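Everything below concerns the one structure shown next.
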Amino acid sequence: MLDYKKLVAEFKRIGLEEGDVVFVHSSFKSFGGVEGGPQTVIDALISTLGNEGTLIVPRFNFDFSTHNTPWDIRTTPSQTGIISEFVRKDPRSFSVFHPIYSFSIIGKHAKELVKHRYKGSYSKDSIFYKLRILGAKILQIDRVYKGTTMFHHVEEMLGVDYRYFKNFTGIVTDENGKSYEDTFSIYVLNREQNFFTYVQPIGKILEEKGVMKIDKIGDATIWYMKADDMYRVTADAIKKNPRILCKIVPP
């Protein structure tokens, strides 16, 4: 079973450093057992990054867009894993105001990142773009490669033809408890033409180019890379094959 000291040592071994900005997708179960639970993983990451570092996790929740469920920045849970939910509840954490693509952030850049509110999804004014500007590293902790939501940022920046902008309107509640109706625009897949995200081909390209490294911590597989390198290689791949990140699944 992994413990705090082992996790810190392993995070340092794979290349995380003090002062890093790290965007983490995670499956806690994939580790195969951690003494102290999800909080141990969070504390190990924060310790590794140090006082100058920043931990960012997705706090995505799709009930607003799928079921028109009201969203409250103070209480709506994350749907992107138990580590993400623990970060959301952490008193050191700040959240991005977005009812679908929110993020929970701890560390140096947290207050700066949550100041900016935007109504889009993956565009140049989003947190995804900020990851590139800040020189962030992307870490996926899982047993199966599922890619990173950053791929959608590349798709929107390049304007792929299998996605389109769709508005979602509903009730949101801010930090002060004020509720109001608002509209957010998401760059969604064209499901009427049976497009689905497919990340295995780009994963192989990123690995072959030396951009994405693969390692193990406990039972979990770790995929990690720099956000800007990932953007550069993925954008080049899309220019060569405009549908490298999708496939058509017949009904």
Report ³J(HN,Hα) in whole Hz for each residue of the range 96-104, in order, from the Karplus equation J = 6.51 cos²θ - 1.76 cosθ + 1.60 where θ = phi - 60°; Gly and Pro get x.
6, 7, 7, x, 10, 9, 8, 9, 9
With the cut-off at 1.5 for a/c, could you classify the range 63-175 from its C-alpha gyration tensor as rounded, prolate or oblate?
rounded
Placing +1 at every Lys and Arg Cβ and -1 at every Asp and Glu Cβ, with all other atoms neutral, what dipole size does the chain have around its Cα centre, in debye to the nearest 20?
400
Given (i) 150; (ii) 140; (iii) 123, the label whose value is volume of the Cα convex hull per residue in Å³ derived from this model:
(iii)
Could you tell me what percent of the DSSP beta bridges with both partners in the chain are antiparallel, to the nearest 5?
75
In the chain, which helices (entire DSSP H runs) extend 15 Å or more along their own long axis, judged by Cα positions, while averaging at least 0.0 on the Kyte-Doolittle scale?
38-49
If each of Ser47 and Arg232 carries a label point 7 Å out from its Cα toward its Cβ, how far apart are those two points in nm?
3.4
Can you tell which of Gly218, Gly50, Thr173 lies farthest toward the positive end of the dipole of the chain, using +1 and -1 charges on the Cβ of basic and acidic side chains (Lys, Arg; Asp, Glu)?
Gly218
Size of electric dipole in the range 34-179: Cβ of Lys, Arg +1 and of Asp, Glu -1, about Cα centre, debye, nearest 20:
280
So who's got an amide H within less than 5 Å of the one on Trp71, skipping anything under 5 residues away but keeping other chains? H placed 1.01 Å off N, in plane.
Ile171, Val172, Thr173
Pairwise label distance in nanometres, Ile82 with Asn194, each label 7 Å out on the Cα-Cβ vector:
3.9
So how do 73-79, 148-154 stack up, highest first, on mean other-Cβ count within 10 Å?
148-154, 73-79
Rounded to whole Å, give me the distance from the Cα center of the range 82-137 to that of the range 214-236.
19
Under 20 Å by backbone N from the virtual spin label 7 Å along Cα-to-Cβ at Glu112, the residues of the range 32-65 are 46-58
Run the dipole for the range 114-194 about the Cα centre, Lys and Arg Cβ at +1, Asp and Glu Cβ at -1, nothing else charged, and hand back the magnitude in debye, nearest 20.
300
Check which residues have an amide H placed less than 5 Å from Cys246's amide H, if you skip close sequence neighbours.
Tyr198
Between Ile133 and Glu207, what length in nm is gained on full extension when 0.36 nm per residue of separation is reduced by their alpha carbon distance?
24.4 nm
Could you give me the ³J(HN,Hα) list for the range 51-65, computed from phi with Karplus coefficients 6.51, -1.76, 1.60 and θ = phi - 60°, whole Hz, x at Gly and Pro?
5, 8, x, 9, 9, 10, 10, x, 10, 5, 8, 9, 5, 4, 7
For the range 100-184, listing trypsin sites (Lys or Arg not before Pro) in a DSSP loop whose Cβ sees at most 11 other Cβ atoms within 10 Å gives Arg117, Lys178
Once Asp72 and Asn167 are pulled to full extension, the length gained, defined as 0.36 nm per residue separation minus their Cα-Cα distance, is 32.3 nm
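Bear in mind these aren't lab numbers, they're just calculated from the coordinates by the rules spelled out. Since the structure is predicted, the reported quantities are computational estimates derived from the model, not experimental observations. No Cβ is skipped: glycine too gets one built from the backbone with ideal geometry, and neighbour counts run over all protein chains shown.
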